[in-house]
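Taking it in order: structure first as structure tokens, then the write-up.
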Amino acid sequence: MNGTAILALIRTDIRLYLTDRRAVVVGVLVPILIAAFFGYVFGGTGRNEESGKIPIAVVDEDRSTVTRAITADLAADKLLQVTALDRAAAHEQVKAGRQNAAAVFPKGFGEQTTRALFDGRDKPQVELLVDPSQSTGARVIEGLLAQYAMQEVSKEAFNGALGRKAIDGYLADLDREPSTRTRADLTALLRSARKLSDARDTATQGESASGAGRGFGLSIPYTVAPMEVTARASAPYNGYAHSFAGMAVQFILFAGIDAGVLLLLTRQRGIWLRLRSAPLTRSEFMLARALATTLISLFQFTLIYLAAAVVFKVRIEGSWTGFIGVAIAFCLLNAAFGLMLATLGRSAPTTRGFASMATLLLVMVGGAWVPAFVFPRWLQAASLYSPTRWAVDGLDGATWRGLPFSSAVLPIIVLVGTAAACLTVALWRFRWEE
Amino acid sequence: MLEVEQLSKRYGDRLAVNAISFTIAAGETVGLLGPNGAGKTTAIALISGIARADSGHVSLGGVRVRQGANELKRRVGLVPQDPALYDELSAWANLQLFGGLYGLRADALRARAEDALALVGLAGRRHERVKTFSGGMKRRLNIAGALLHDPDLMLLDEPTVGVDPQSRNAIFENLEALKRRGKTLLYTTHYMEEAERLCDRVLILDRGQILANDSVANLVRQYRNLEGAFMQLTGRALRDGADT
């Protein structure tokens, strides 16, 4: 084994990489910037409630106690940012994408809902104008609207003037029905409710003067306490951890393409004759190229994660060994990928074009841009065939998920296995002598 | 020193080198002349070990060497036709690579690189990037790169092509210096005056075959001058094929 020659080749490849400022900038600064952007969009280092609020408009054509109360509840919700508008303005703003949705309370909403709560008839319709590109937000709004409407309508029904009017109307209707046991029970129930409302009304006249609430109503009989399951209870989810994993994987693969294309270009230059006239075997040459690309990839990886740690507070919450293992395995895969490209490609521009397209597909499917769990089920299954998915999962596991080394073993095996497959193709196709 | 016996190489249907045989004595400088496509570059590639012959063999110092064997490569220094350099790196970094490929390291490599740069007159430019060099400087550095491992035999494939007269003269002086150092040189060129000035002997190659193998003095005596010998032996028809 000509160790001196291998070292000379590795040193030269590293020198060539460092002299190419464009490669260093593209390989290190660009992924940091893009990861910072994606990380911020996906939550940053903690929950930014203001930036995460869903913008909605409320059009109150009823202006009743009920609709004013619902509007106030929506405005107080931490998930929403509510703007009161008229119908035309609301329509325009949803259409322009400035509001995710607009809820329109029609005239008579308060009275009709209070009555419909008892007799179930003539339910009014709330129009929900929805931006179709924001359907997830619209579903959230629908749920919150149902919760607050139920709460406020029931309050009005058992405490307010509209409620008493509705009970009186329903009692009058019952009086016209034939006398049955059920009618008697229902009448008794409604009269109790009416009596309760009267008593509440008398009491709240004094409370209203002192600023008290509108009385009791139905509400969801439980509360939800969301708990982020991350590495530790005290470690909040850091959106940058995933975005840095994804962008590191993507741009290191681009560097692998560059290494492959450099080898292709070398074959077309006089330097190729010099290399082949030296006492160097094919295996030594390929080993040197693979080690050089691995080291360059690790250098990029280190700089990207240094920025992630220092600026964006990405931490290795799980196994350091697992993290390093996944990083090395991925960089090996990258080197083998570059060598395979160099042996399969014919011209540099075509090889770069096809390889870039393949890389973008791999990283997209591998969940490097957006986490794989948002994919449809079939795509999640398909993404397991992409080594980038294993790299990103392995890095996620070692960082924000805080998983032990055992969870990194499978990603490492898959990455090293894929590297071996790429290397086999490269060795099979590589032509050293004429 | 070098013995070539019945060496042949075919590329597809074309026989680039057709059973050529010749010898070169130690310290001798031999010119390999021929029109475009004559087979000069292929012959150089076979002797340097970067291409495998279909038949025939090469012996160095009386020992038959398998084509492509590292043993052969260690004893031969190749100066390719196009400068074999990384333009992005400095002259020094290029030489560190070339020396490293032959197992040279640390002080030995440094001493050889300094000596080679001094020989080609680039000692003061060692830390400059090759892309800032003129064509002539690149060709001189190209020669320096083949000298580092102190080869017994140097193969020079048109080392002066495409450079200005001053650079050509400088390269020529480098080659004369190598000759004075006792190096064995096999040298391809289109320039007859170069061959007349430098070579002890000349091989004229055409269509893969050796048409003449004689001393410069004999050929000049027989054909009046070297160009006359060349034109008479290879004919006046244009050769538009690629160099082989």
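Count Lys and Arg as plus one, Asp and Glu as minus one, and take only other residues whose Cβ is under 10 Å from that of A:Asn238; the net charge is then +1.
Listed by number, the DSSP H helices of chain A that run 30 Å or longer by alpha-carbon position along their axis and have mean Kyte hydropathy of at least 0.5 are A:239-267, A:282-310, A:320-344, A:406-429. Volume per residue for the range B:41-159 equals 98 cubic angstrom (convex hull of Cα atoms). Between helix B:106-119 and chain B there is an angle of about 60 degrees, using the helix long axis and the longest principal axis of the Cα atoms. Taking amide hydrogens as placed 1.01 Å from N in the peptide plane, the amide H of A:Gln81 sits under 5 Å from those of A:Ile54, A:Ile56, each at least 5 positions away in sequence or on another chain.
Can you check how the C-alpha radius of gyration of chain B compares to 2.2 N^0.38 Å, as a plain ratio? Walk me through the numbers before you get to the answer.
Values: Rg = 17.6 Å, N = 244, 2.2 N^0.38 = 17.8 Å.
My calculation over the Cα atoms of chain B gives 0.99.
Partner shielding of B:100-107 amounts to 6, given as the average count of beta-carbon atoms from other chains within 10 Å of each residue beta-carbon.
Convex hull volume of the Cα atoms of the range A:49-209, normalised per residue: 125 Å³.
For peptide B:89-96, how many partner chain Cβ atoms fall within 10 Å of a residue's Cβ, on average? List each step's numbers first, then the result.
Working: counts 4, 2, 0, 0, 5, 4, 0, 4.
Partner Cβ neighbours, averaged per residue: 2.
For the protein assembly as shown, the equivalent ellipsoid derived from the Cα gyration tensor has semi-axes of 87, 23, 21 Å, listed largest first. Enter the angle in degrees (range 0 to 90, nearest 10) between the Cα long axis of helix B:91-101 and the first principal axis of the Cα atoms of chain B, meaning the one along which they spread out most. The two axes meet at around 70 degrees.
Based on the inverse mean of 1/r over its pairs of different Cα atoms, what is the Kirkwood hydrodynamic radius of the range A:320-406, in Å? Value: 14.1 Å, from the Cα pair sum. Select from B:Arg74, B:Arg197, B:Arg112 the residue whose mean-square fluctuation is largest in a Gaussian network model of chain B (Cα-Cα springs shorter than 10 Å). Of the options given, B:Arg197 has the highest mean-square fluctuation.
Relative to the longest principal axis of the Cα atoms of chain B, the long axis of helix B:135-147 lies at roughly 90 degrees.
Coordinate-derived values only; no laboratory data. Bear in mind the structure is a predicted one, so any value in this text is a computation, not a measurement. Using ideal geometry, Cβ is built from the backbone for each residue, glycine included, and neighbour counts are taken over all protein chains shown.
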